[in-house]
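Enquirer: My structure is below; once you've seen it, I'll send some questions.
What follows draws every value from the coordinates through simple rules; no lab data is involved. All values reported here derive from a predicted model rather than from experimental measurement. Note: ideal-geometry Cβ built from the backbone for every residue, glycine included; neighbour counts use all protein chains shown.
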Amino acid sequence: MKLVVGRGEFYFSATLRLRVFAFGLLNLCRRGREIEGPVRCPRRLGAAFHPWLRIGVLLSVLFSWLPAAGGHATILRVRLFVKTFRQLYRQNLSLATDLYQLTMAQGYWKMGRTGQEAVFHLHFRKNPFQGGFTVACGLASVMDFLSNFHFDSEDLAYLGSLPGNDGHPLFDPSFLRYLGEMRFECDVDAIPEGATVFPQEPLVRVKGPIIQAQIIETPLLNLINFQTLIATKAARVCHAARGEPVLEFGLRRAQGMDGGLSASWAACVGGCAATSNVLAGKLFGIPVRGTHAHSWVMSFGSELESFRAYAGAMPNNAVFLVDTYNTVEGIRHAVEVGRWLKENGHELAGIRLDSGDLAYLSIQARRILDEAGFRDAVIVASNDLDEHIIDSLKEQGAAVNVWGVGTKLVTGYDQPALGGVYKLAMIRDPGGPWRHTLKLSEQSLKISTPGIQQVRRFTQAQEFIGDMIYDLELGIKPRAVIVDPFDPTRRKVIAAEAAFEDLLIPVFRSGRQVYQSPTLEEIRLYAARQRERFHAGIKRFVNPHQYPVGLEEGLHELKTNLVLEARGFKD
């Protein structure tokens, strides 16, 4: 059997087909889970065949070492499009949560509260990097996680092995059986990936059984917090580059392999044109770019010799790193090899500067390249760049065409965490009315907002003019007024003729995915178009314009009354 993956081909014995079939049937039958279409495998069938299938899988693995009969393999052509983080780890990541989510879940279960319905919102309190906007990111990963949310037998066995403080099992076996039978049933609404968002706005709303909504808090925060942070950083860096391509070069400094992949995705959402991360290129379809290292130059007797060798090996990727010894001499060596490339039907694609006075050296490089007839050769700059350094270099007239940004992009260097939170806002018993909930704090910034929240964005003359957070249960008063949640005297009245759209869209309904994520390139273009429709002042790096965001008047009144009541100032 020949398996074709993209452009690669792999040969498998006929025996291995049995293994693939066994795995497929096992996954179909296990726990009676549904697949697309009318086919459903009864749970009893899955339970009956489970051990035999495992034996079959083991035998097929052993016999797969033997050659196929006659030494020939039948050909099966299959195309796989890899696009999820799951494939790097395992199918089920449901234990990627904090322990206290599961201890609370057992508490709800023991109290008979499994039927209670709750509403949670995921939001953040401040724009990162002291900026004026944030780019929502991570929804594709959230969808990936939730679409396969369940606890398998290995998960349950591990949880069953955990001891409490008294040495006895931490979790009740009956509760673990409940977890094993539980299937995701929540409604999830979210702001689309790439949208420009602001503090206090719910990026994700989860409505469903309180146990499920509680358990998924940690993974949702993990996926949204980091990717939103990096997408925002990338958007700031790309804004500083003023339309010139930004390449994400950060894998070697990223926070682990998974952090590197998440950062590559998020950087592209924020506007980066390509990545050095080859695996991210394969998984997500991001263009990949790269030159060579200083070690390549140092491994030869001279810089000129190294450039000639690289040009001979990679004539269609001739970008030379010129600062290993003397930058100006390196530029001249690149020109010399560029002439050889041109004589042989190729082009000098460019040079890269990785140290020194990038403004001065780039201007010198541009002059030397132009005088030698290489006006199309690009100048790539790197060296611990961020939006502030790039902005300064642009102000100095640096002749850089492409920016390579690594460490300070993929780590969120000057602010390593977004600070997103996930707060309970409504709760009700089965068949009962909703009850608003609210978390108090001595800091007004940390007082949560009740309600089933939606965000309405208003537009005039194609420019976004303000966002209103409102409660779907309360609705909006006839006169739309946005109230600053931290200074109620600051209000914005929205003109009746203003157009609007509600930002949160359905993603899951009763646990089933109802939204198909756009491609990464579509998300990147959407994100860029979004930012163009805001006042330019929100993109300033110093004292950015504050875009109007607040509560609908009725929701503000409700929140105020609940706070006063909780503090004992109302009967």
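Enquirer: When you go through (1) under 30 Å from L203 (Cα atoms); (2) outside any loop (DSSP other than H, G, I, E, B) one by one for W403, which number turns out not to apply?
Expert: Only one criterion is unmet by W403, namely (1).
Enquirer: Inspect all residues belonging to the stretch 383-400 and state whether any of them is under 16 Å from Q200 (Cα atoms), touching a helix residue (DSSP H, G or I) at 6+ places or on another chain (Cβ under 6 Å), part of a loop (DSSP other than H, G, I, E, B) and not aromatic (F, W, Y).
Expert: No, the stretch 383-400 has no match at all.
Enquirer: Continuing with the same structure: Looking at the stretch 129-148, is at least one residue of a type outside the set (A, V, I, L, M, F, W, C), farther than 25 Å from C238 by Cβ and assigned to a helix (DSSP H, G or I)?
Expert: Yes, there is a match, as at least one residue in the stretch 129-148 is of a type outside the set (A, V, I, L, M, F, W, C), farther than 25 Å from C238 by Cβ and assigned to a helix (DSSP H, G or I).
Enquirer: Okay, next question. Scan the stretch 228-256 residue by residue and report those that are charged (D, E, K, R), surrounded by fewer than 22 Cβ atoms within 10 Å (Cβ to Cβ) and assigned to a helix (DSSP H, G or I).
Expert: Correct list: R252, R253.
Enquirer: Can you pull out the residues in the stretch 407-421 that are within 14 Å of A235 (Cα to Cα) and touching a strand residue (DSSP E or B) at 6+ places or on another chain (Cβ under 8 Å)?
Expert: Passing the criteria: L409, V410.
Enquirer: Which residues, counting only those in the stretch 401-422, are among the aliphatic types (A, V, I, L, M), out of contact with any helix residue (DSSP H, G or I) (no Cβ under 7 Å at 6 or more places or on another chain) and either farther than 22 Å from F124 by Cβ or buried (at least 21 other Cβ atoms within 10 Å of the Cβ) (or both)?
Expert: Selection gives V402 alone.
Enquirer: Tally time: how many residues in the stretch 411-455 are part of a loop (DSSP other than H, G, I, E, B), over 30 Å from L251 (Cα atoms) and of a type in the set (A, V, I, L, M)?
Expert: Qualifying residue count, the stretch 411-455: 4.
Enquirer: With respect to N148, is the statement that it is polar (S, T, N, Q), surrounded by fewer than 17 Cβ atoms within 10 Å (Cβ to Cβ) and without any contact (Cβ under 8 Å) to a residue 40 or more places away in the chain true?
Expert: Taking the combined requirement at face value, the residue does not satisfy it.
Enquirer: For E521, are the conditions met, namely being surrounded by 12 or more Cβ atoms within 10 Å (Cβ to Cβ), acidic (D, E) and under 22 Å from C268 (Cβ atoms)?
Expert: It is true that E521 is surrounded by 12 or more Cβ atoms within 10 Å (Cβ to Cβ), acidic (D, E) and under 22 Å from C268 (Cβ atoms).
Enquirer: On to the next question. Given the conditions (1) touching a residue at least 12 places away in the same chain (Cβ under 8 Å); (2) over 30 Å from S147 (Cα atoms); (3) not β-branched (V, I, T), which single one is not true for E557?
Expert: (1)
Enquirer: Among L472, L440, L445, L525, which is free of Cβ contacts under 8 Å to residues at least 60 places away in the same chain and more than 24 Å from the chain's Cα centre (by Cα)?
Expert: After applying the criteria, what remains is L472.
Enquirer: Looking at A496 and the list (1) more than 30 Å from F284 (Cα to Cα); (2) out of contact with any His (no Cβ under 6 Å at 6 or more places or on another chain); (3) in a helix (DSSP H, G or I), which single condition is not satisfied?
Expert: (3)
Enquirer: Please tell me if E522 is more than 23 Å from Q130 (Cα to Cα) and in a helix (DSSP H, G or I).
Expert: yes
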